[in-house]
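Take a look at the structure set out below.
The values are calculated or read from the model by the stated rules, or taken from the named source; none is laboratory data. All values derive from a computational prediction rather than experimental measurement. Here the Cβ positions follow ideal geometry from the backbone for every residue, glycine too, while neighbour counts run over all protein chains shown. Note: areas computed on protein heavy atoms with side chains; ligands, DNA, RNA excluded. Shrake-Rupley method; radii C 1.70, N 1.55, O 1.52, S 1.80 Å.
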Amino acid sequence: MKYLAFFFFWVVTVYYVWNGKDFYNKKEWAGFVKKFIAVLVGIVLLAFVLKGVVLIIPGFSNDLAGDLMEEIGVSFIFILGMKYMIVMICTLFSGIMDFHKKYNADNYTRFSPAVSKLVPGMLIFAKCVVSLGSIVIYYGIWLAN
């Protein structure tokens with residue numbers, strides 16, 4: 001069962017990282033914060049549901065419920081965290097380029113063509129690193145115990 005949960009959360013993370021926008025405006029950042037708050041509220045609701053399951057099913061222990069709550073909650077937080085890393089890498093790089101465009105215009109015209117050719121490859125590389133890093137994270141959450 002833990003292997004299935006590991007694989008499920010890894011696939012959801014990879015799908016979320018590779019699909020969607022990589023640059024957020026203020027409205028999309030507000031939506032991202034709402035998702036994070038919804039995950040936190042969901043973790044609390046999951047705790048109450050698992051507490052009820054402990055009371056109803058005699059073989060379901062408090063320790064198992066606590067472990068499930070921690071593993072599921074942290075897994076959902078890391079799904080958002082992986083997307084946050086990609087969006088922040090793009091935001092930082094965009095901010096650096098905007099700074100050079102505004103305050104270093106003479107050098108910007110020289111390195112802008114080279115950077116525009118490198119950016120797509122660097123973004124793919126960053127997404128690959130985050131996707132592979134999520135394997136290690138979810139292995140630690142689900143399979144290392």
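Observations on the model:
- Among all residues of the range 126-143, there is at least one that is part of a helix (DSSP H, G or I) and farther than 29 Å from residue 31 by Cβ.
- Scanning the range 1-50 for residues that are among the aliphatic types (A, V, I, L, M) and touching a residue at least 40 places away in the same chain (Cβ under 8 Å) returns 5, 12, 14, 17, 39.
- Apart from one condition, residue 3 fits all of (1) open to solvent by 80 Å² or more (accessible area, probe 1.4 Å); (2) among the hydroxyl-bearing types (Ser, Thr, Tyr); (3) assigned to a loop (DSSP other than H, G, I, E, B); the exception is (3).
- When the residues of the range 133-145 are filtered to those that are at pLDDT 90 or above and surrounded by fewer than 11 Cβ atoms within 10 Å (Cβ to Cβ), the one that is nearest to residue 78 (Cα to Cα) is 136.
- Residues that are hydrophobic (A, V, I, L, M, F, W, C) and open to solvent by 50 Å² or more (accessible area, probe 1.4 Å), drawn from the range 89-113: 89, 92, 93, 96, 99, 105, 111
- Scan of the range 26-52 for residues that are more than 24 Å from residue 90 (Cα to Cα) and open to solvent by 50 Å² or more (accessible area, probe 1.4 Å), ordered by number: 38, 40, 41, 44, 45, 48, 49, 51
- Number of positions in the range 1-25 that are at pLDDT 90 or above and under 30 Å from residue 93 (Cβ atoms): 11
- The residues of the range 8-25 that are surrounded by 13 or more Cβ atoms within 10 Å (Cβ to Cβ) and part of a helix (DSSP H, G or I), listed by number, are 8, 9, 10, 12, 13, 14, 16, 17, 18.
- Residues that are closer than 30 Å to residue 119 by Cβ, open to solvent by less than 60 Å² (accessible area, probe 1.4 Å) and in contact with a helix residue (DSSP H, G or I) (Cβ under 7 Å, 6 or more places away or on another chain) within the range 73-88 comprise 77, 79, 80, 82, 83, 86, listed in sequence order.
- Residue in the range 102-123 that is in contact (Cβ under 8 Å) with a residue 60 or more places away in the chain, out of contact with any Cys (no Cβ under 6 Å at 6 or more places or on another chain) and either more than 23 Å from residue 29 (Cα to Cα) or not charged (D, E, K, R) (or both) present: yes
Okay, residues lined up against (1) open to solvent by less than 40 Å² (accessible area, probe 1.4 Å); (2) within 27 Å of residue 10 (Cβ to Cβ); (3) part of a helix (DSSP H, G or I):
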{"residue": "54", "(1), (2), (3)": "yes, no, yes"}
{"residue": "71", "(1), (2), (3)": "yes, yes, yes"}
{"residue": "115", "(1), (2), (3)": "yes, no, yes"}
{"residue": "124", "(1), (2), (3)": "no, yes, yes"}
